[in-house]
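Enquirer: Encoded as structure tokens, here's the structure I'll be asking about.
The values are calculated or read from the model by the stated rules, or taken from the named source; none is laboratory data. It should be emphasised that the depicted structure is a prediction, and the values quoted were computed from it without experimental measurement. As a convention, Cβ positions derive from the backbone with ideal geometry for all residues, glycine included, and neighbour counts pool all protein chains shown. Note: accessible area is taken over every heavy atom of the protein model, side chains too, but ligands, DNA and RNA are not part of it. Shrake-Rupley method; radii C 1.70, N 1.55, O 1.52, S 1.80 Å.
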Amino acid sequence: MGLNLNDKKVVVEEVSAKVATAQTIVVAEYRGIQVSHLTKLRATARAQGVYLRVLKNTLARRSVEGTQFASLADSMTGPLIYSISDDAVAAAKVINDFAKTNDKLVIKAGNYAGKQLDVAGVTALASIPSREVLISQLLGVMLAPVSGFARGLAALAAKKGEGSSEAAPAAEETAAA
């Protein structure tokens, strides 16, 4: 049974709210995928903070109309699943990782911050490390000079400590003679 006009308005409002805060949208064709596999995909998406939904293309077009994602409207044909995320990489990563294990999920297009992406662009976006990984790498780079300096001081202190302990018995021997 189809949606009535009020239901359609509610769906468009809900999706429009997600699109308004989104950085990335990835569109993929899901024809022939088993329900159990789609359930796993949805669970993975939920865990990554990605809004994943199967929508009527006309409703999706209305949701992106007038936004930075309006260029996606040309790619909205066929049975599509929409992956929307506030994180720049998460939507692409969830769909791309699932497409690697299930060849029936075909990535059609994507859009990152208003820039249209083809399949190669979505794959490239998915290969970027997540925000948390990038922050930890940056922190490691920032702490490297400080930790290197601390190790150098510790090694210098240990060397001075060894030198003074060897010098002490030698001084005692000369004093005894």
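Enquirer: Residues of segment 48-69 with the amide nitrogen closer than 13 Å to a label point 7 Å from the Cα of Ser16, along Cα-to-Cβ, please.
Expert: Counting backbone N atoms under 13 Å from the label point, the list is 59-67.
Enquirer: Now a separate question. In segment 91-169, what trypsin sites (Lys or Arg not before Pro) fall in a loop by DSSP, with at most 16 other Cβ atoms inside 10 Å?
Expert: When the trypsin sites (Lys or Arg not before Pro) of segment 91-169 are filtered for loop state and at most 16 Cβ neighbours within 10 Å, Lys104 remain.
Enquirer: With an 8 Å Cα cut-off and a minimum separation of 6 or more residues, compute the relative contact order for segment 59-145 in percent.
Expert: Across segment 59-145, relative contact order equals 27 percent.
Enquirer: Tell me, what % of the accessible area of the chain is carbon and sulfur with a 1.4 angstrom probe?
Expert: That share works out to 59 percent.
Enquirer: If Lys and Arg each add +1 and Asp and Glu each add -1, what is the summed charge of the other residues whose beta carbon sits under 14 Å from the beta carbon of Val119?
Expert: Spelling it out: positives minus negatives among the neighbours equals -1.
Enquirer: Another one. Could you check the simple spin-label distance between Thr58 and Asp97, using points 7 Å along Cα→Cβ, in nm with one decimal?
Expert: Those two pseudo-labels are separated by 3.6 nm.
Enquirer: Also, I was wondering about something else. All other residues with a Cβ under 11 Å from the Cβ of Thr58 taken together, and with Lys, Arg as +1 and Asp, Glu as -1, what is their net charge?
Expert: For residues surrounding Thr58, the net value is +3.
Enquirer: I would also like to ask the following. Of Ala155, Ala20, Ala126, which has the largest mean-square fluctuation in a 10 Å C-alpha GNM of the chain?
Expert: Maximum fluctuation in the GNM of the chain, among the listed residues, is at Ala155.
Enquirer: What's the FRET efficiency of Ala70 with Ile135 using the Cβ-Cβ distance as r and R₀ = 35 Å, to the nearest 0.05?
Expert: 0.65
Enquirer: Something else now. At 1.4 Å probe radius, can you tell me the per residue accessible area of the chain in Å²?
Expert: 61 Å²
Enquirer: A further question on this structure: Give me the distance between the Cα centres of segment 1-45 and segment 94-158, rounded to whole Å.
Expert: Taking the Cα centre of segment 94-158 as reference, the centre of segment 1-45 is 26 Å away.
Enquirer: Next up: State whether the chain is rounded, prolate or oblate according to the following rule on the C-alpha gyration tensor (a ≥ b ≥ c being the square roots of its eigenvalues): a/c under 1.5 gives rounded; otherwise a/b larger than b/c gives prolate, and the remaining case gives oblate.
Expert: Prolate, because a/c is 1.5 or more and a/b exceeds b/c.
Enquirer: Ok, one more. Given that compact globular proteins tend to follow 2.2 N^0.38 Å, what is the ratio of the alpha-carbon Rg of segment 1-41 to that value?
Expert: Normalised Rg, Cα atoms only: 1.52.
Enquirer: Which lysines, on any chain, are close to Lys56 with Cα under 24 Å apart, when same-chain ones fewer than 8 places away are left out?
Expert: Lys8, Lys9, Lys18, Lys40, Lys93, Lys104, Lys108, Lys115
Enquirer: Mark the label point 7 Å from the Cα of Thr44 along Cα→Cβ and return the residues of segment 77-101 whose backbone N is within less than 17 Å of it.
Expert: Under 17 Å, as judged by backbone N against the label point of Thr44, lie 81-85, 89-101 of segment 77-101.
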